[in-house]
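Worksheet: the structure to be examined is printed underneath.
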Amino acid sequence: MFKNIEVTQDLLNYIYNHSQKLHPIQKDILKYNINLGDQQRMQISEAQALFLQLLIKLMNIKNCLEIGTFTGFSAFSMALALPKKGKLITLDKDRKILKIAENFFKKGKLNHKIKIYQGYALDNLKKLHKQKRKFELIFIDADKANYKNYYDLSLNLLQKNGFIIFDNVLWKGNVINNNINDKNTNVIRNFNKYIKNDFKIDKIIIPLGDGLTICRKLK
């Protein structure tokens, strides 16, 4: 039986050195985030960013929605891969952090592709639904307690065969440790079970970064 290899930091460095090079602004965002201490964990990994970019190009995706902007690394990465007329909407409630992201978008001359919605994501998702907006890819990396709510609302915004992608679904590997039963770990466990039993989608968890769940809408 095939067995996955252990991914050490040295191996990750090798992977990054032999993969698509990052845009200078992507590098600037990563450098900025290093100084944020524990908050840095809110950023997706380089490998995840490159995966999202490749998926957007491969599927010729033109319209993306993101829930959870942070300092803009994931939004900037996806916008880079979008075609000239492609658009991305990103949602976050933190006005201060959105200003930082917006400055990076402007510096990288991608602000014409990215629209920021400040406020509670659940409220903005409902507004987008009333506007009958549709997206081909929705990336979700926000408060874990609302993952199920984000998923249910996002399905209404997703085109047939579109993708919803969730980050942090392996929760540092804690999901398989029966001795760990804190609130956030159990939230992720319950969410993973919910997705597993939803037959409106194809789904797979891939061990990239802190775990990505890839969902494809069937109808």
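The values are calculated or read from the model by the stated rules, or taken from the named source; none is laboratory data. Predicted model, so just to flag it, every value in this text is computed and none were measured. No Cβ is skipped: glycine too gets one built from the backbone with ideal geometry, and neighbour counts run over all protein chains shown. Ligands, DNA and RNA are excluded from the accessible area calculation, which covers all protein heavy atoms including side chains. Shrake-Rupley method; radii C 1.70, N 1.55, O 1.52, S 1.80 Å.
Residue 176 meets each of the listed conditions (1) under 18 Å from the mean Cα position of the chain (by Cα); (2) of a type in the set (Val, Ile, Thr); (3) open to solvent by 70 Å² or more (accessible area, probe 1.4 Å) apart from (1). Taking the stated definitions as given, is residue 111 part of a helix (DSSP H, G or I), at negative phi and open to solvent by 50 Å² or more (accessible area, probe 1.4 Å)? The answer is no for residue 111. Do the conditions hold for residue 117, that is, is it among the aromatic types (Phe, Trp, Tyr), at negative phi and not in a helix (DSSP H, G or I)? In short, yes. Regarding region 98-106, can at least one residue be identified that is within 23 Å of residue 213 (Cβ to Cβ) and in contact with a strand residue (DSSP E or B) (Cβ under 6 Å, 6 or more places away or on another chain)? So far as region 98-106 goes, no, none of its residues is within 23 Å of residue 213 (Cβ to Cβ) and in contact with a strand residue (DSSP E or B) (Cβ under 6 Å, 6 or more places away or on another chain).
When region 196-219 is examined, which residues are found to be among the β-branched types (Val, Ile, Thr) and either open to solvent by 80 Å² or more (accessible area, probe 1.4 Å) or touching a residue at least 24 places away in the same chain (Cβ under 8 Å) (or both)?
Within region 196-219, the first condition is being among the β-branched types (Val, Ile, Thr), and the residues that meet it are 201, 204-206, 213-214.
Once the filter is applied, which keeps residues that are among the β-branched types (Val, Ile, Thr) and either open to solvent by 80 Å² or more (accessible area, probe 1.4 Å) or touching a residue at least 24 places away in the same chain (Cβ under 8 Å) (or both), region 196-219 yields 201, 204, 205, 213, 214.
Every residue in region 15-57 that is farther than 18 Å from residue 79 by Cβ and open to solvent by 80 Å² or more (accessible area, probe 1.4 Å), please. Residues satisfying the conditions are 17, 18, 31, 34, 35, 38, 39, 41, 42. Among the residues making up region 62-87, a single one is surrounded by fewer than 24 Cβ atoms within 10 Å (Cβ to Cβ), charged (D, E, K, R) and touching a strand residue (DSSP E or B) at 6+ places or on another chain (Cβ under 6 Å): 87. In region 133-173, which residues are of a type in the set (D, E, K, R) and under 19 Å from residue 207 (Cα atoms)? Across region 133-173, the qualifying residues are 141, 144, 167, 172.
When residue 99 is tested against (1) of a type outside the set (Ser, Thr, Tyr); (2) more than 18 Å from residue 30 (Cβ to Cβ); (3) surrounded by 17 or more Cβ atoms within 10 Å (Cβ to Cβ), exactly one condition is not met: (3). Count of region 129-173 residues, restricted to those that are open to solvent by less than 30 Å² (accessible area, probe 1.4 Å) and in a helix (DSSP H, G or I), is 6.
Annotation: residue 193 fulfils all but one of (1) free of Cβ contacts under 8 Å to residues at least 60 places away in the same chain; (2) open to solvent by less than 40 Å² (accessible area, probe 1.4 Å); the unmet one is (2).
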